[in-house]
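The values are calculated or read from the model by the stated rules, or taken from the named source; none is laboratory data. If you're wondering where the values come from, they're calculated on a predicted model, not measured in any experiment. Note that we place each Cβ from the backbone using ideal geometry, even for glycine, and neighbour counts take in every protein chain shown. Just the protein is used for accessible areas: all its heavy atoms, side chains included, with ligands, DNA and RNA removed. Shrake-Rupley method; radii C 1.70, N 1.55, O 1.52, S 1.80 Å.
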Amino acid sequence: MASGSVVVVGGTQGLGREVAQSYADDGCEVVVTGRDQARAEAAAEEIGGSTRGLGFDLADPHSIKEGLASVGDVDYLVLAAIERDVNKVAEYDIDAAVRLATLKLVGYTAVIHALLPGLGDHSAILIYGGLARDRPYPGSTTVTAVNGAVTSMVRTLVIELAPRRVNALHPAIVGDSPQWVDMPAERRDALIARTPIGRLVTMAEVVGASRFLLENEAINGINLEVDGGWMCM
C-alpha cells in the first residue's frame with residue numbers, strides 16, 4: 001500500500017467493521033464512518049491501531065463532503081453501509097424507499113466525489129451490493145433495485161475514474177454475521193441445502209474476497225458473488 005488510508009463507509013458494524021479490523025490489524029491507517037459521530041468514534045477505539053471514526057448520514061448527501069473533510073490521501077475506499085428494508089408495494093413506505101435509494105446511489109457517489117482529490121492512480125474502490133439483486137423476495141423491490149444499480153455503477157465508475165479501479169462484492173447470507181447468526185434453524189438448514197459447499201459463507205471469507213478485489217491491481221469492473229455457489233442452484 002501507499003501512504004494513504006483505508007476508508008470504510010459503514011465500518012462501525014457488520015462486514016464493513018470486519019474489513020476495517022483486518023486492515024487495522026495490518027497496521028494501516030483506517031477511517032470508519034457511521035451515521036452517529038459518537039458511535040463511529042467508539043467503534044474506532046474498539047478496532048484499535050491507527051483508526052478514527054467520522055459521523056455523517058449517507059441519506060443526507062449534502063452533509064457528506066463536510067463529514068469527510070479531514071480525510072486526506074486514500075488507498076482503498078470501501079462502501080459497505082446498508083439499511084435493511086422490507087417494503088411491500090401494498091404497504092409502500094415512500095420515505096423508507098427514498099432514504100435507501102438516496103443512501104446507496106446518491107450517497108455512495110457523493111462519498112467518491114468528496115474523496116476524489118485524495119484517490120491516486122493506484123487507489124481502489126469496493127462497493128457492497130447483495131444477492132437480492134438476483135434473488136428477490138416479497139418486499140425487496142427497493143433493495144433489489146439498488147443492488148442492481150450497484151452493478152451498473154461499477155461499469156460507469158470504471159470508465160469515469162480510470163486508472164483507479166472499481167469493483168463490487170455481492171454476498172449471499174453470511175452465516176456468522178450479526179444479522180444472521182441467530183436465524184431460525186429451519187431457515188439456516190434450508191439455505192445450506194441450496195448451497196453447494198454445504199454451509200453458509202463466513203465473514204472472514206467476505207473479508208478475504210474484499211481484500212482481493214481491493215489489492216489485486218488486475219481486477220477491475222468485477223461484480224463478484226460470494227455465495228458458496230448458491231446462485232448455481
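Selection of the range 53-76 for residues being buried (at least 18 other Cβ atoms within 10 Å of the Cβ) and either farther than 20 Å from Tyr108 by Cα or of a type in the set (Ser, Thr, Tyr) (or both) yields only Tyr76. For the range 61-96, taking the residues that are in contact (Cβ under 8 Å) with a residue 40 or more places away in the chain and of a type in the set (D, E, K, R), the one that is farthest from Thr141 (Cα to Cα) is identified as Asp73. Within the range 182-207, being within 19 Å of the chain's Cα centre (by Cα) and surrounded by fewer than 13 Cβ atoms within 10 Å (Cβ to Cβ) holds for one residue alone: Ala204. Of all residues in the range 124-162, those satisfying the criterion of being among the charged types (D, E, K, R) and at pLDDT below 95 are Arg133, Asp134, Arg135. Only one of these conditions is not met by Leu224: (1) free of Cβ contacts under 8 Å to residues at least 60 places away in the same chain; (2) part of a strand (DSSP E or B); (3) open to solvent by 20 Å² or more (accessible area, probe 1.4 Å); (4) closer than 30 Å to Glu66 by Cα. Which number is it? It is condition (4) that Leu224 fails.
Of everything listed in (1) assigned to a loop (DSSP other than H, G, I, E, B); (2) under 19 Å from the mean Cα position of the chain (by Cα), the single unmet condition for Asp75 is (1). Being among the hydroxyl-bearing types (Ser, Thr, Tyr), crowded, with 17+ Cβ neighbours inside 10 Å and in contact with a Gly (Cβ under 7 Å, 6 or more places away or on another chain), is that true of even one residue in the range 172-181? Scanning the range 172-181 turns up at least one residue that is among the hydroxyl-bearing types (Ser, Thr, Tyr), crowded, with 17+ Cβ neighbours inside 10 Å and in contact with a Gly (Cβ under 7 Å, 6 or more places away or on another chain). Going through the range 67-121 one residue at a time, which ones are among the charged types (D, E, K, R) and either on the phi > 0 side of the Ramachandran plot or touching a helix residue (DSSP H, G or I) at 6+ places or on another chain (Cβ under 7 Å) (or both)? Hits for the range 67-121 are Asp73, Glu83, Asp85, Lys104. If we keep just the residues of the range 135-166 that are open to solvent by 20 Å² or more (accessible area, probe 1.4 Å) and not in a helix (DSSP H, G or I), which is farthest from Asn87 (Cα to Cα)? Within the range 135-166, the match that is farthest from Asn87 (Cα to Cα) is Pro163.
Taking the criterion of being within 24 Å of Ser177 (Cβ to Cβ) and over 20 Å from the mean Cα position of the chain (by Cα), the only residue of the range 215-229 that qualifies is Gly229.
The listed residues are Leu169, Leu213, and the only one of them that is part of a helix (DSSP H, G or I), open to solvent by less than 50 Å² (accessible area, probe 1.4 Å) and at pLDDT 95 or above turns out to be Leu213. Pairs meeting the criteria (first residue in the range 176-202 and touching a residue at least 24 places away in the same chain (Cβ under 8 Å) and of a type outside the set (Asp, Glu), second residue part of a loop (DSSP other than H, G, I, E, B) and loosely packed, with under 12 Cβ neighbours inside 10 Å, beta carbons under 6 Å, at least 6 apart or on different chains) are Arg194/Met233.
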